[in-house]
Amino acid sequence: MDYATAMMLWATEALTLAILMVCAWLHDRRQAVTGLWGLGFGLHGIGVALVGLRGVVPDVVSVIGGNGLMLIGIAAWCNGVLLYDGHRMRFFPLAPLAAWLAALLVPFIMENFWTRSVAIQLAAGASYLTLAMVLLYGRQEQRLTRLAFALVSTVQACLMFKMAFDCFHLRPSSFVEMPHLTSFAIGNIFCLVAGILLGAQLLMARSEAHLQHLADSDPLTGVLNRRGLLDRFHQLCRKAVGGKNQIAIVIFDLDHFKQVNDRHGHKAGDTVLLEFCRVATTCLGQRGIFGRMGGEEFACMMQVGGAAEAIGITEAIRLTLEHSDIVVDEAGTSVSVTVSCGIGLSPIASADLDQMLICADRALYAAKFDGRNGTAIASSLKDDIQLIGPGAIDPTHEEREPVLLKRPALVPITGGRI
């Protein structure tokens, strides 16, 4: 295989992938990473083809156009990785291109084939090292794939630097005299194929994560849905953090939510649901996970040091919502909404999801039975339910002592929500 054939094969692979990726982007314009990588492969493939057509196309097209497009294509890959990691596009991946164009302004470099070859190989090597740096210093997800991709980019950079070193010493006057050109092109082809496979793996991992997010999240509020919430229960039970050896499940039920829908419409109801999610996630912070169980019922799970911590966080959510005026339409109509809360508490070592849900549901029923807009806690199926008064952490309310309700006098163990 001569160098021209190798270069055309290199260009064909890059252009084929470019067409596939651009078509995928046209099908879903939200996948900006796919579109940018497709653009990069397209520019790179056209650039390689123009370099391979040296002698067929004008020298200025092959030297400046072809090599320049190759460098722009690598810069597009770098910016694609930045977008993949959630960053904005940057200009620094174009620095090797700028350095190479500046070098061509020097007459000695522009007038000699070997000096131009040294300059473009050094610039391309620097571009591939930039790609490796962006991969290594990006997000920690898919770390092994990133390391492999960075390694491939580094190998390709080394191929470029080796060719620059050989050209500096041998000083060829044409492509025919360049050392090991065919093996150099084949090495680049293998690196390109490896990069394609690794890049595809990154995109597949992102797609799988997106599909998992869609499966585990509530489409209206964006918080976890029932499935996503319950699936994470076992993750919380794996290891106690910071000496917190108990786990709490809190079920929230918005009081008289149907009246909001009846009086103000379902759009107003959706606004209330979104506002409650904002309040709850803000108050909860990083201390636990929050999700929507269905309808106007929500839940959170968290590791706590004891009942007092669980009650404090729950009451913070309840009181913040109680004191919030929620604007539900463009006319400025506001509504006040309250929530009843039921807490199920258990040691992490013996936590059972089904039993904790039943305990939390029993406690929620007790809070509603006591007049709503309150909190109740149950530690087991056999223990009494403790009602927490509105003055538990809010000094503006009249203090009252916790009330113990005997389970048999209140509700059966099973309930309609579980």
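The values are calculated or read from the model by the stated rules, or taken from the named source; none is laboratory data. What you are looking at is a predicted structure, and each value in this text was computed from that prediction instead of being measured. Positions of Cβ are generated from backbone atoms using ideal geometry, with glycine treated the same way; all protein chains shown enter the neighbour counts. Please note that ligands, DNA and RNA were not included when accessible areas were found on the heavy atoms of the full protein model with its side chains. Shrake-Rupley method; radii C 1.70, N 1.55, O 1.52, S 1.80 Å.
Couple of notes before you dig in:
- Condition broken by Ile385, with the remaining ones in (1) buried (at least 20 other Cβ atoms within 10 Å of the Cβ); (2) at pLDDT 90 or above satisfied: (2)
- Residues located in segment 87-130, provided they are open to solvent by less than 20 Å² (accessible area, probe 1.4 Å) and over 21 Å from Asp166 (Cβ atoms): Pro93
- Look at (1) open to solvent by less than 40 Å² (accessible area, probe 1.4 Å); (2) closer than 16 Å to Leu321 by Cβ; (3) within 21 Å of the chain's Cα centre (by Cα) and you find that Gly269 fails only one, number (3).
- Here is the figure for segment 213-254: residues that are touching a residue at least 12 places away in the same chain (Cβ under 8 Å), farther than 25 Å from Tyr365 by Cβ, of a type in the set (D, E, K, R) and open to solvent by 70 Å² or more (accessible area, probe 1.4 Å) total 1.
- Hits in segment 272-296 (condition: closer than 20 Å to Lys258 by Cβ and surrounded by fewer than 17 Cβ atoms within 10 Å (Cβ to Cβ)): Leu274, Gly294, Gly295
- Exclusive hit being at pLDDT below 90, out of contact with any Pro (no Cβ under 8 Å at 6 or more places or on another chain) and either crowded, with 22+ Cβ neighbours inside 10 Å or within 19 Å of Glu309 (Cβ to Cβ) (or both), set Ala349, Ala363: Ala349
- The one condition from (1) of a type outside the set (Lys, Arg); (2) over 23 Å from Ala32 (Cα atoms); (3) open to solvent by 40 Å² or more (accessible area, probe 1.4 Å) that Ser207 does not meet is (2).
- Search result, residues across segment 133-157 that are part of a helix (DSSP H, G or I) and in contact (Cβ under 8 Å) with a residue 40 or more places away in the chain: Val134, Leu135, Thr145, Arg146, Ala148, Phe149, Val152, Ser153
- Looking at Ala376, Ala307, just one residue is hydrophobic (A, V, I, L, M, F, W, C) and open to solvent by 20 Å² or more (accessible area, probe 1.4 Å), and that residue is Ala307.
- If you check Ile343, Ile317 for being surrounded by 21 or more Cβ atoms within 10 Å (Cβ to Cβ), within 32 Å of the chain's Cα centre (by Cα), outside any strand (DSSP E or B) and of a type in the set (Val, Ile, Thr), only one passes: Ile317.
- Once segment 7-58 is narrowed to residues that are part of a helix (DSSP H, G or I), open to solvent by 70 Å² or more (accessible area, probe 1.4 Å) and not hydrophobic (A, V, I, L, M, F, W, C), the residue that is farthest from Leu203 (Cα to Cα) is Thr12.
- Of all residues in segment 185-195 being touching a residue at least 40 places away in the same chain (Cβ under 8 Å) and open to solvent by less than 40 Å² (accessible area, probe 1.4 Å), the one that is nearest to the chain's Cα centre (by Cα): Gly195
- Of the residues making up segment 325-334, not a single one is of a type outside the set (Lys, Arg), at pLDDT 90 or above and surrounded by 20 or more Cβ atoms within 10 Å (Cβ to Cβ).
- Pairs where the first residue, in segment 269-297, is in a helix (DSSP H, G or I) and the second is open to solvent by 40 Å² or more (accessible area, probe 1.4 Å) and of a type in the set (Val, Ile, Thr), C-beta under 7 Å, 6+ apart: Val279/Thr320; Cys283/Thr320
- In segment 139-184, residue surrounded by the most Cβ atoms within 10 Å (Cβ to Cβ) [restricted to those that are basic (Lys, Arg) and under 16 Å from Gln121 (Cα atoms)]: Lys162
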